[in-house]
Amino acid sequence: MAQELTRGVWLLELGFPVFGANAFLVDDGEVTLVDAGLPWFGVRRELRDAGYEVADIDRVLVTHYDIDHIGGLRNLPDLDAPVFVGQRDADLLSGTYDPPLFHHKGAFHRLARVLVPIPERFEILPLEDGAEIGGFRAYHTPGHNPGHTVYVHDDLEVGLVGDLVWERNGALTPPEWWDSYDTHEIRRSIRRFAGLVPTIDVLCMGHGTPILRDGSDVLLNLVRRL
């Protein structure tokens with residue numbers, strides 16, 4: 001069931017705690033879908049629960065190329081909006097970048113893009129660090145994926161951080177090694193991001209329960225523990 005976290009920001013629950021990932025909808029006058037969940041969960045139903053239709057979406061922001069974050073686009077064949085992805089993950093998605101074959105996640109991604117391809121009809125637009133898209137700014141935060149990117153909406157004080165961090169029992173933790181390319185780089189990205197961004201109140205991650213107040217402080221508490 002879709003849940004409004006703060007005015008204009010919706011949590012779309014597309015899975016279970018250990019299977020699937022959160023997606024989010026942000027309406028600041030333009031409607032932005034952030035991630036899309038797995039192919040087997042009902043992103044369209046969640047949109048309707050929030051009071052929106054696919055035709056209302058102006059853009060899609062993808063935090064990274066994992067099936068549980070981008071696979072749900074396969075359920076939106078009528079989507080007519082650009083899909084933004086961090087540069088390195090856009091290359092991975094298109095096949096212009098081959099991740100290392102003898103790395104556990106690199107091998108998985110090579111297989112995933114064959115078994116669960118994203119339809120070619122979508123307009124995939126690569127993003128560089130610092131790019132501005134509508135009211136959002138993109139921050140390149142590699143480690144979990146080479147092109148992992150998070151998005152901050154300064155006016156709404158909302159950070160949409162994908163798998164930069166996970167939430168467990170009200171606290172944040174970095175993703176585990178088995179689901180990442182480089183855990184040391186994740187920690188560097190967390191520190192850099194926490195030091196760069198302005199105030200975030202609502203912190204929205206792909207796995208766990210969003211932080212609804214003082215997101216910047218919760219993130220800094222994690223930095224102190226790294």
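Here are the numbers for the structure shown:
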item: Where trypsin sites (Lys or Arg not before Pro) fall in DSSP loop in the range 120-183, at most 15 other Cβ within 10 Å; result: ARG121
item: Computed E for GLU30/LEU101 - FRET, C-beta separation, R0 41 angstrom, nearest 0.05; result: 0.55
item: Loop trypsin sites (Lys or Arg not before Pro), the range 169-226 (other Cβ atoms within 10 Å of the site Cβ: 13 or fewer; DSSP); result: ARG213
item: Centroid-to-centroid separation of the range 177-202 and the range 1-74 [C-alpha atoms, Å]; result: 22
item: Selected from TYR151, TYR181, TYR52 as most flexible by GNM, with the chain as the system and alpha-carbon contacts under 10 Å; result: TYR52
item: THR209/GLU123 FRET efficiency (R0 30 Å; Cβ-Cβ; nearest 0.05); result: 0.40
item: Sites ALA55 and MET1 - FRET efficiency at Förster radius 22 Å, r taken between beta-carbons, to 0.05; result: 0.50
item: Heavy atoms of THR183: accessible area, 1.4 Å probe, square angstrom to 10; result: 40
item: Simple spin-label estimate for VAL223 and VAL116 in nanometres, 7 Å along Cα-Cβ; result: 3.3
item: Mean Cα-pair separation over length for the chain, i.e. relative contact order, pairs under 8 Å, 6 or more apart, %; result: 15
item: Top of LEU160, LEU172, LEU125 by mean-square fluctuation, Gaussian network on the chain, Cα under 10 Å; result: LEU125
item: Where labels lie 7 Å past Cα in the beta-carbon direction, separation of ILE133 and GLU185 in nm; result: 2.0
item: Share, in percent, of DSSP beta bridges within the chain that are antiparallel, nearest 5; result: 65
item: Cα point-scatterer Debye curve for the range 1-150, base-10 log of I(q)/I(0) at q = 0.10, 0.11, 0.14, 0.20 Å⁻¹; result: -0.32, -0.39, -0.64, -1.31
item: Local electrostatic count, GLY20, Cβ distance below 9 Å [Lys/Arg +1, Asp/Glu -1]; result: -2
item: Filtered GluC sites (Glu not before Pro), the range 121-226: DSSP coil and at most 15 other beta carbons within 10 Å; result: GLU123, GLU128, GLU176
item: Cα gyration tensor, the range 106-226 - rounded (a/c under 1.5), prolate or oblate; result: oblate
item: Fluctuation leader among HIS104, HIS153, HIS144 - the chain, Gaussian network, Cα springs under 10 angstrom; result: HIS104
item: Positive minus negative residues near ARG121 (Lys, Arg vs Asp, Glu; Cβ under 14 Å); result: -3
item: Accessible-area ranking of GLU13, GLU46, largest first, probe 1.4 Å; result: GLU13, GLU46
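The values are calculated or read from the model by the stated rules, or taken from the named source; none is laboratory data. Model, not experiment: these values are computed from the prediction. Because the Cβ atoms are built from the backbone with ideal geometry, glycine has one as well, and the counts that use them run over all protein chains shown. Ligands, DNA and RNA are excluded from the accessible area calculation, which covers all protein heavy atoms including side chains. Shrake-Rupley method; radii C 1.70, N 1.55, O 1.52, S 1.80 Å.
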